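The values are calculated or read from the model by the stated rules, or taken from the named source; none is laboratory data. Being a predicted model, the structure only gives us computed values, none of them experimental. Here Cβ is always computed from backbone atoms with ideal geometry, including for glycine, and neighbour counts include all displayed protein chains. All accessible areas refer to the heavy atoms of the entire protein, side chains included, with ligands and DNA or RNA removed. Shrake-Rupley method; radii C 1.70, N 1.55, O 1.52, S 1.80 Å.
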Amino acid sequence: MTTAIWQPHDDAAATHAVTMATGLGDLAVEATASTALTWTLTRPAAGVAEILIVPDRPAEVRAAWRIPCVDAVAFWVPDSGEHRGLPPFWRRPRRTSLEKGAPAGALVGTGDRSLCTYAVGEAERPVLVRTGVVEETGEFGFWAEHEASPSAGLRLRLDLSGRHFADTLADVAAWWRPPARPVPLAARLPAYSTWYAMQQHVTAEAVERQAALAAELGCAAIIVDDGWHSDDRGRGYAHVGEWEPTFADPAAHVARVRENGLAYLLWYALPFVGRRTRLWERVRAYSLTYRPHMNAVVVDPRYPHIRDLLAGNVTRAVREWGADGLKIDFIDQFAVEDPPEPGPEADCADVTEGVRRLMAQISAGLPPDAPIELRQPYTSPGLRPHATMIRASDCPLSPLHNRQRTVDLRLVAGPVAVHSDMLMWHPGESPERVAAQLLNVLFSVPQISVDLSAQSPAQLEVLRFWLAFFREHADVLQGGRFVPSRPDLHYPLVSAYGDGVAVTGRYADVAVSVPEGGGVWWLANADASTGVLLRPAPGTRAESTVYDCRGRQVAEADLDLAGVCEVEVPTGGLLRLVTPGRPTGCFPPGR
């Protein structure tokens, strides 16, 4: 690494360096710090190296490496706001921490092969990561840096095995292996959210009406969002922080909703206290920053009494009102630049440590099986002990973004249930396009957020049919081998493979390969093109059944798949293909 590389936004001042041969071809990693370093390397699998770099005293440690940028088509990171092209190396480094992001990424080549998947073992404290095309050499450069101690060091995993990028990222999620809360069944099944359907116009009567309809359609939980704690309807966060319900008898209301068989989750904007609350003067001196556009402060979790205030408020819904769990929002807002120096009442100097203690306190105050929802971009594996579900960030009426974000989450979420952003549509939307929205989040848990009492009979048929499919195939959709294709094209095909059953989502006018081996294959067509080209496995014969977006059978045939053939699958519809092999016990949903 002798060529001078332009790296703006870089204040590192290293005085010590070691170069480590990884055994992965010619790849070497250079570690730098302001103090002496030692390192060890292990090779847990072919094409994989795990490196531990240890300073002799606490110091910022950096690990840097470069590979030839050959055959590369996309760069994947957990932050779905990123484009999937190849960034330049000179851009500002990305910062991850407990509050925001995750320290991992993959340079992806043709055929969805990973050219280099990396991950840093630090799951809580800030990590700086720089990645991108090195203009001076035509290579792709990487470095990762964080403060490391002699007892923990900097842990780095590099995977140059050339396997499918999703498999390498699944191994990263397993390598982090933080303790995780058990995920209750309700977190794996379709849910109803009030947010897009009601905005802040939340009443007990409206929630109970939608809860009854949602349960009948196949939802297992209801998430009551903003609007339950204040009569203000002006958006913003000037009135958050006290969390007193507007419902006359919140415990009785929760009980009525739960009689439908639904888990009840209540929303909290965790870091905020609004300037129109009685808490304002009490907490202003203990805040990290003021957000003028939100009309609220972000309070400082380094103070024990602030943590007690927040944890006591949010767990009250479960302790006193009988709610099952929580939707905890805006954890990423704790990640402020240049936070103020902590005062004498603080018990930790670092904001991230304050957040960790706050989340641990909240988690300890809830039953072990309580469903807890977090949201992109707070995707750190360090939050797994405090979450059972993680939702895609807001993307109303954007199926493509919902697909990309849920797939991105699935790749590194480990055991946590991944939820879509809430699904909404115009009352005049066609049944086919309603179904397409559902299919774009097929490999996650859908959250529905429309007025169910205002849906047409055809729209309700779509919901009933596809929510039944989500429920009946949750094991393979969420727990099977997960294989999304072409991250550079926003995943036009996504598949999941289970024991004798496979499911594929088709999101563009592309041909689809029939899985090899006997069993049942479901193909869900979300694209406007209905002539689906099938590339069969050699010598395949199959029984095919086609359903429209409402679950009505429209075709049935025996197919001789001697070569590429075309099958008509309606938009929002479903193809069931049974090939010779042992029975799987899979049948059309709801039949």
So the check is Cβ under 7 Å with 6+ separation or different chains; which pairs have a first residue in region 60-74 that's under 15 Å from Ile5 (Cβ atoms) and a second one that's surrounded by 19 or more Cβ atoms within 10 Å (Cβ to Cβ) and hydroxyl-bearing (Ser, Thr, Tyr)? Arg62/Thr32
Answer yes or no: is there a residue in region 364-372 that is open to solvent by 40 Å² or more (accessible area, probe 1.4 Å) and hydrophobic (A, V, I, L, M, F, W, C). yes
Scanning for something at pLDDT below 95 and either among the basic types (Lys, Arg) or surrounded by 18 or more Cβ atoms within 10 Å (Cβ to Cβ) (or both), does region 80-88 turn up at least one residue? yes
Could you check region 486-497 and list, in sequence order, the residues that are crowded, with 21+ Cβ neighbours inside 10 Å and at negative phi? Pro487, Val494, Ser495, Ala496
Step by step: first the residues of region 1-39, then only those that are open to solvent by 80 Å² or more (accessible area, probe 1.4 Å) and among the hydroxyl-bearing types (Ser, Thr, Tyr), then the one that is nearest to Gly162 (Cα to Cα). Which residue is that? Thr19
Selection within region 502-551 - open to solvent by 20 Å² or more (accessible area, probe 1.4 Å) and of a type in the set (A, V, I, L, M): Ala508, Val510, Ala511, Ala528, Leu533
Checked pairs for region 354-372, first over 27 Å from Pro340 (Cα atoms), second hydroxyl-bearing (Ser, Thr, Tyr) and assigned to a loop (DSSP other than H, G, I, E, B), C-beta under 8 Å and 6 or more apart or across chains, list as Ala370/Thr388; Pro371/Thr388; Ile372/Thr388
Conditions first: (1) at pLDDT below 95; (2) farther than 27 Å from Thr194 by Cα; (3) touching a helix residue (DSSP H, G or I) at 6+ places or on another chain (Cβ under 8 Å). Asp347 passes all but one, so which condition is the exception? (1)
Residue among Thr19, Thr40 that is modelled with pLDDT of 90 or more, farther than 22 Å from Pro68 by Cβ and of a type in the set (S, T, N, Q): Thr40
Consider region 241-255. How many of its residues are under 22 Å from Val283 (Cβ atoms) and of a type in the set (Phe, Trp, Tyr)? 1
Would you mind finding the one in Ala285, Ala311 that is part of a helix (DSSP H, G or I), more than 28 Å from the chain's Cα centre (by Cα) and small (Gly, Ala, Ser)? Ala285
Only one residue in Ala166, Ala144 is among the small types (Gly, Ala, Ser), in a strand (DSSP E or B) and open to solvent by less than 10 Å² (accessible area, probe 1.4 Å), so which one is that? Ala144
Is it true that Ala206 is in a helix (DSSP H, G or I) and either acidic (Asp, Glu) or touching a Ser or Thr at 6+ places or on another chain (Cβ under 9 Å) (or both)? yes
Using beta carbons and a limit of 8 Å, which pairs, at least six apart or on different chains, have the first residue in region 469-482 and more than 20 Å from Asp548 (Cβ to Cβ) and the second one part of a helix (DSSP H, G or I) and open to solvent by less than 20 Å² (accessible area, probe 1.4 Å)? Leu477/Phe470; Phe482/Ala166; Phe482/Leu411
From Ser151, Ser193, Ser230, Ser161, residue being at pLDDT below 95 and of a type in the set (S, T, N, Q): Ser230
Hey, among Gly105, Gly101, which residue is of a type in the set (Gly, Ala, Ser) and free of Cβ contacts under 8 Å to residues at least 60 places away in the same chain? Gly105
What's the number of the condition Leu160 fails, among (1) hydrophobic (A, V, I, L, M, F, W, C); (2) within 18 Å of the chain's Cα centre (by Cα); (3) open to solvent by 20 Å² or more (accessible area, probe 1.4 Å)? (2)
Which members of region 248-282 meet the condition of being of a type outside the set (A, V, I, L, M) and not in a loop (DSSP other than H, G, I, E, B)? Pro250, His253, Arg256, Arg258, Tyr264, Trp267, Tyr268, Phe272, Gly274, Trp280, Glu281, Arg282
What residue, among those in region 453-469 that are within 26 Å of Glu208 (Cβ to Cβ) and open to solvent by less than 10 Å² (accessible area, probe 1.4 Å), is farthest from the chain's Cα centre (by Cα)? Gln459
Exception for Val73 within (1) within 22 Å of Arg405 (Cα to Cα); (2) part of a loop (DSSP other than H, G, I, E, B); (3) open to solvent by 10 Å² or more (accessible area, probe 1.4 Å) falls at (2)
